[in-house]
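Chemist: My questions will all concern the structure given below.
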Amino acid sequence: MHARCTADAADRAVRSGHVIAWAVYVRHAMPERRDDDDPDLWPLGPAGRAAAAELARRLHSEPAVGRVVASPAPKATQTAEPIAARFGLDVVTDDRLVEAGRPWVGEDYRVTAHRYVDGEPVEGWEPQVDVAARVAAAVADARSAAGAGRSIVVGHGLALAVHLRALLPNGFDAGGFWRRLAFPDAWELDPDGLVLSRPLR
């Protein structure tokens with residue numbers, strides 16, 4: 001199942017006070033590098049799948065989970081699969097959760113990416129405001145579909161950091177957060193949208 005971004009959904013996401021209640025954000029596990037492939041198409045190898053399964057095992061079981069949604073990138077959906085299985089759900093894919101658009105991954109990538117998540121425009125990269133809006137819209141729809149339960153959103157490091165930078169109060173160190181993200185990793189945003197914590201046992 002795929003969901004696509006609409007202007008109305010993005011607007012609801014920005015205006016709604018409930019967009020971020022009980023949202024668990026998961027960064028995908030480390031993929032298996034394939035130099036002849038687009039990085040967005042890299043799948044998980046055995047080590048990545050084992051790490052994803054371990055993360056799924058360690059996620060808090062309460063509050064209940066009502067929705068597991070993931071970027072359609074293989075490394076994200078394959079990270080989401082053991083999480084969804086643990087909670088008896090299917091993985092729903094959402095194109096709005098794909099990684100921030102960038103023209104290359106190579107030399108000086110991390111330096112440029114750090115500038116990007118800190119809000120500096122980078123020529124050729126997807127504007128941060130567009131990334132923040134589409135991810136917020138996807139999270140809003142996932143949260144609505146989850147009902148009283150938590151929504152677990154599985155995506156990518158840059159898009160997640162940009163999204164949180166737009167949501168959290170001034171002073172949130174998006175660059176530092178992105179640098180410290182593990183493969184995989186999980187963070188929960190409290191219902192007031194002010195505190196990030198790891199929902200792991």
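Read the figures in this text as sums done on the coordinates, not as results from a lab. These numbers were taken from a predicted model, which means no experiment stands behind them. Glycine also receives a Cβ, built like all others from the backbone with ideal geometry; neighbour counts cover every protein chain displayed.
Chemist: Under the Karplus relation 6.51 cos²θ - 1.76 cosθ + 1.60, θ = phi - 60°, what is the ordered set of whole-Hz ³J(HN,Hα) values for the stretch 52-67, x standing for Gly and Pro?
Modeler: Result, rounded to whole Hz: 5, 5, 5, 4, 4, 5, 8, 5, 4, 8, 10, x, 4, 9, x, 7.
Chemist: Can you tally the net charge around Glu32? Count Lys and Arg as +1, Asp and Glu as -1, for every other residue whose Cβ sits under 12 Å from the Cβ of Glu32.
Modeler: +2
Chemist: Right, something else. Beta carbons within 10 angstrom, averaged per residue: use that to sort the peptides 109-121, 89-101, highest first.
Modeler: 89-101, 109-121
Chemist: Separate question: Select from Arg134, Arg34, Arg143 the residue whose mean-square fluctuation is largest in a Gaussian network model of the chain (Cα-Cα springs shorter than 10 Å).
Modeler: Arg34
Chemist: Okay, next question. How big is the stretch 57-125 by Rg and Dmax over its Cα atoms, in Å?
Modeler: Values for the stretch 57-125 (Cα only, Rg and Dmax): 16.0, 43 Å.
Chemist: Oh, and also: Calculate the FRET efficiency for Val122 and Asn170 from the Cβ-Cβ distance with a Förster distance of 22 Å, rounded to the nearest 0.05.
Modeler: 0.55
Chemist: Still on this structure, I have one more. Amide H neighbours of Val68 under 5 Å, at least 5 residues apart or on other chains, H built in the peptide plane: list them.
Modeler: Val92, Ile152
Chemist: Between the stretch 155-195 and the stretch 48-109, how many Å separate their Cα centres?
Modeler: If you average the Cα positions of each part, the centres end up 15 Å apart.
Chemist: Separate question: Under a 10 Å cutoff between Cα atoms, tell me which one of Pro103, Pro184, Pro127 has the largest fluctuation in the Gaussian network model of the chain.
Modeler: Pro103
Chemist: Which value at 222 nm does the chain reach when only helices count, each DSSP H run of 4 or more adding -39,500 (n - 2.57), with the total divided by all residues and rounded to the nearest 500 deg cm²/dmol?
Modeler: That calculation yields -12500 deg cm²/dmol at 222 nm.
Chemist: Here is a further query. Quote the Stokes-Einstein diffusion coefficient, in whole µm² s⁻¹, for the chain, based on the Kirkwood radius over alpha carbon pairs, a temperature of 37 °C and a viscosity of 0.692 mPa s.
Modeler: Value of D from the Cα-based Kirkwood radius: 197 µm²/s.
Chemist: Just to confirm a number: summing +1 for Lys and Arg and -1 for Asp and Glu over residues other than Leu41 whose beta-carbon lies under 14 angstrom from that of Leu41, what do you get?
Modeler: -4
Chemist: Suppose each label sits 7 Å from its Cα in the direction of the beta carbon; what would the Ala64-Leu200 distance come out to in nanometres?
Modeler: With each label placed 7 Å out from Cα toward Cβ, I get 2.7 nm.
Chemist: How large is log10 I(q)/I(0) at q = 0.12, 0.23, 0.24 Å⁻¹ when the Debye formula is applied to the Cα atoms of the stretch 89-157, each weighted equally and without solvent?
Modeler: -0.39, -1.00, -1.06
Chemist: In addition: Give me the net charge for the shell around Arg179: Cβ to Cβ below 14 angstrom, other residues only, Lys and Arg +1, Asp and Glu -1.
Modeler: +2
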